[in-house]
Amino acid sequence: MTANVVTDVNRPYVPAGGAKLTAEIEVEPGEQEVEPVRHIALCIDSSGSMYEGGNMDRARGGAEWVFGLLNDDDYVSIVAFDTEVDVVLDATRWGNISREDAVEKVHDIQAGGGTDMYQGLQSAADTLRDLPADENTARRVLLLSDGKDNTHDPPEFETLAREIDSAGIRIKSAGIGEDYRSETIRKLGSVARGDWTHLQASGDIEQFFGDAVEEAGSVVAPDAELELDIADGVEVSEVYRALPQTQEVAPEWQANSAVIKLPDLLDRETQRVVLKIHAPARPLGEHRLADVTLSAAGETATTTLSVEYTDDEELLQQHNEDIDI
């Protein structure tokens, strides 16, 4: 991997009195050099409603599809949740279990009553927490549910998702059918630097699981982040990530420094971060808005975000329409 970071603004020239700008930071992770070890936790709703319309059978089939994608050094765990939580398979190195034994455990999942998604998600993440991990590890919880957790509200799920994310575990969440709480599914996918999706039919479950596991195999840098050393007087009001879905980001601030956490960077997939910036009044000439540092897989790349202050009316009319939230 050879990381690179590039900056641009929608208005490269601004008047001496200052202006509001949209700035873009492109993160180019480069090519994968070593295939990552994947830690995959399948977190499957096994409430009674999942047995309607073939969802449970498809979920079992999705798990079996995942088994066919794993390498010997990958780890897999399976957690089923209804009113109670059942750790069907604790985190196990794939080379240490036969496919037949894993399939048998999946088919032992039984229907229950309610939907304790909160405890199910927490238990699934816990199966991965103590596994050895480094810069070459991609960690995922794949959550599938068709119902509502009526004992925990979306803010509680947001707190849990942040805790899971801080452990280096990304959440891929999927709601199937029409009766799940979409706000919760969205929160889980976006807060934990993963993504979320709505599955229309049981036939989509296998693709959801399979795509997530294959994507984890293309990771070149987990837990990447951008640090912005912002010049005095410059204000940043909004920050968005483009991938895997457009998501607003809350940077971590300390004085004039802001840290923007990035989703795991994927092989040759450019990540974009877009910011709203207020450039204050400055004398004519080029001025720094922020120094930008990318940290990814032990590598760093730096650049400077700057604009030129001018009174040239023709220059002031220049506008890059490609840079826009």
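As a check on your grasp of the helix formula, calculate [θ] at 222 nm for the chain: sum -39500 (n - 2.57) over DSSP H runs of n ≥ 4, divide by the residue count, round to the nearest 500. Mean residue ellipticity at 222 nm (helix-derived): -7000 deg cm²/dmol.
When +1 charges are put on Lys and Arg Cβ atoms and -1 charges on Asp and Glu Cβ atoms, the dipole computed for the chain relative to its Cα centre reaches about 380 debye. The percentage of C-alpha pairs in region 193-318 whose separation is greater than 17 Å is 66%.
Straight-line reach from Lys261: taking Cα to Cα under 18 Å and skipping same-chain neighbours fewer than 8 places apart, the lysines in range are Lys172, Lys187, Lys276.
Could you order peptides 9-16, 248-255 by the average number of other Cβ atoms within 10 Å of their residues, highest first?
The peptides rank, most packed first, as 9-16, 248-255.
For the chain, the longest principal axis of the Cα atoms and the long axis of helix 182-191 meet at an angle of about 60 degrees.
Ordering Asp229, Asp130, Asp264 by accessible surface, largest first, gives Asp130, Asp229, Asp264; the 1.4 Å probe counts only protein heavy atoms, with every chain in place.
Computed over protein heavy atoms with a 1.4 Å probe, the carbon and sulfur contribution to the accessible area of region 42-176 reaches 41%. Counting only aspartates and glutamates at least 8 places from Lys105 when in the same chain, those with an alpha carbon closer than 12 Å to its own are Glu64, Asp86, Asp90. Specify the angular offset, from 0 to 90 degrees and rounded to the nearest 10, of the alpha carbon long axis of helix 154-166 from the longest principal axis of the alpha carbons in the chain. So the inclination is approximately 80 degrees. For the chain, the equivalent ellipsoid built from the Cα gyration tensor has semi-axes of 43, 21, 15 Å, listed from largest to smallest. Overall, the ratio between the Cα radius of gyration of region 1-155 and 2.2 N^0.38 Å, rounded to two decimals, is 1.43. Relative to the longest principal axis of the Cα atoms of the chain, the long axis of helix 117-129 makes an angle of roughly 80 degrees. Note on His198: accessible area approximately 60 square angstrom, rounded to 10, probe 1.4 Å, nucleic acids and ligands left out. Projecting the Cα atoms of Gly113, Pro155, Ile169 onto the charge dipole of region 101-181, computed from C-beta unit charges around the Cα centre, puts Ile169 farthest toward the positive end. Per residue, the chain exposes 44 Å² of solvent-accessible protein surface, assessed with a 1.4 angstrom probe and all protein chains in place. Projecting the alpha carbon convex hull of region 1-71 along each direction and taking the average yields 10.1 nm². Report the residue, chosen from Ser237, Ser202, Ser295, that carries the largest GNM mean-square fluctuation when the chain is represented by alpha-carbon nodes joined by springs under 10 Å. Residue with maximal mean-square fluctuation among Ser237, Ser202, Ser295: Ser237.
The values are calculated or read from the model by the stated rules, or taken from the named source; none is laboratory data. Please read all numbers here as calculations on a predicted model, not as lab measurements. Note: ideal-geometry Cβ built from the backbone for every residue, glycine included; neighbour counts use all protein chains shown. In case anyone asks, the SASA skips ligands and DNA or RNA and just uses the protein heavy atoms, side chains included. Shrake-Rupley method; radii C 1.70, N 1.55, O 1.52, S 1.80 Å.
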